[in-house]
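Visitor: Let me give you the structure first, and then I'll get to my questions.
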Amino acid sequence: MRDIETKEDLSFLMNAFYSKMLKDKEIGYIFTEVAQLDLEKHLPSLTNFWENMLLQPNGYKKNIMDIHLQLNGKEKLMPQHFERWLFLLNETVTENFKGEKVTQMLNSSKNIAAMMQYKMDLT
Ligand code: HEM
């Protein structure tokens, strides 16, 4: 297995990750019912976020803390939602890739999830 190397790799991963999440019993409803996402826009945004973080700066500027604090205002996000999110990302990524970028992606996600939960507890 090789490491994550291209934007296409990230796009593939986000598709695979969301196909697991959307049908997941624990968190699927947040995407399909609460946020009612337009996946044609959402998946490229996620791919850009990760490209900016892992591969090369691309000008991604959205404040993902604010986005999730707003989501938390609509539907309280619980520790088990974060655990499930991280578990499904972990599963998707390690089924397909292996290497430093993989480690970096999983570590960043864990740290961001912890920061989100910390900020949600303050509000
Ligand atoms: C309980 C766990 C989580 C849930 C249920 C969740 C759900 C969502 C939803 C519904 C959106 C779309 C919001 C909108 O467009 O209005 C979103 C956006 C996003 N989330 Fe999460 N999220 C979770 C955790 C995380 C974590 C830990 C990360 C860390 C990398 C993350 C990264 C992102 C990014 C990058 C976007 C896209 C922002 C954009 O450019 O539009 N999410 N999330």
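Visitor: Being farther than 20 Å from residue 95 by Cα and surrounded by 16 or more Cβ atoms within 10 Å (Cβ to Cβ) is the filter here, so list the residues in the stretch 1-34 that pass it. Explain how you work it out, then say what you get.
Guide: Step one: list which residues in the stretch 1-34 are farther than 20 Å from residue 95 by Cα, which gives 25-34.
Hits for the stretch 1-34 are 27, 30, 31.
Visitor: So which pairs qualify, if the first residue must be in the stretch 38-49 and touching a residue at least 24 places away in the same chain (Cβ under 8 Å), the second must be among the basic types (Lys, Arg), the Cβ gap must be under 7 Å, and the two must be at least 6 apart or on different chains?
Guide: Going by the 7 Å Cβ cut-off, the qualifying pairs are 47/7.
Visitor: From the list 54, 37, 46, 77, pick out the single residue that is buried (at least 17 other Cβ atoms within 10 Å of the Cβ), over 12 Å from the mean Cα position of the chain (by Cα) and near the ligand (Cβ under 8 Å from one of its atoms).
Guide: The match here is 77.
Visitor: Next question, about the same structure. In this structure, is residue 116 more than 8 Å from the ligand (Cβ to nearest atom) and surrounded by 13 or more Cβ atoms within 10 Å (Cβ to Cβ)?
Guide: no
Visitor: While we're on this one: Take residue 27 and tell me if it is in contact with a His (Cβ under 8 Å, 6 or more places away or on another chain) and touching a residue at least 24 places away in the same chain (Cβ under 8 Å). So that I can check it myself, show each step before the final result.
Guide: Working: in contact with a His (Cβ under 8 Å, 6 or more places away or on another chain): yes; touching a residue at least 24 places away in the same chain (Cβ under 8 Å): yes.
Yes: the conditions hold for residue 27.
Visitor: Can you tell me which of (1) over 22 Å from residue 107 (Cβ atoms); (2) loosely packed, with under 13 Cβ neighbours inside 10 Å is the one residue 62 doesn't meet?
Guide: Unmet for residue 62, out of (1) over 22 Å from residue 107 (Cβ atoms); (2) loosely packed, with under 13 Cβ neighbours inside 10 Å: (1).
Visitor: Could you tell me how many of the residues in the stretch 91-113 are of a type in the set (Ser, Thr, Tyr) and away from the ligand (no atom under 12 Å from the Cβ)?
Guide: Residues that pass the stated criteria total 3.
Visitor: Considering only the stretch 80-90, state which residues are free of Cβ contacts under 8 Å to residues at least 24 places away in the same chain and more than 9 Å from the ligand (Cβ to nearest atom).
Guide: Looking only at the stretch 80-90, we keep the residues that are free of Cβ contacts under 8 Å to residues at least 24 places away in the same chain, and these are 83, 87, 90.
Within the stretch 80-90, 87, 90 meet the criteria.
Every number in this text was worked out from the coordinates using simple rules, so none of it is lab data. Treat the numbers as computed from the prediction; the structure is a model and nothing was measured. All Cβ positions, glycine included, derive from the backbone under ideal geometry; neighbour counts span all protein chains shown.
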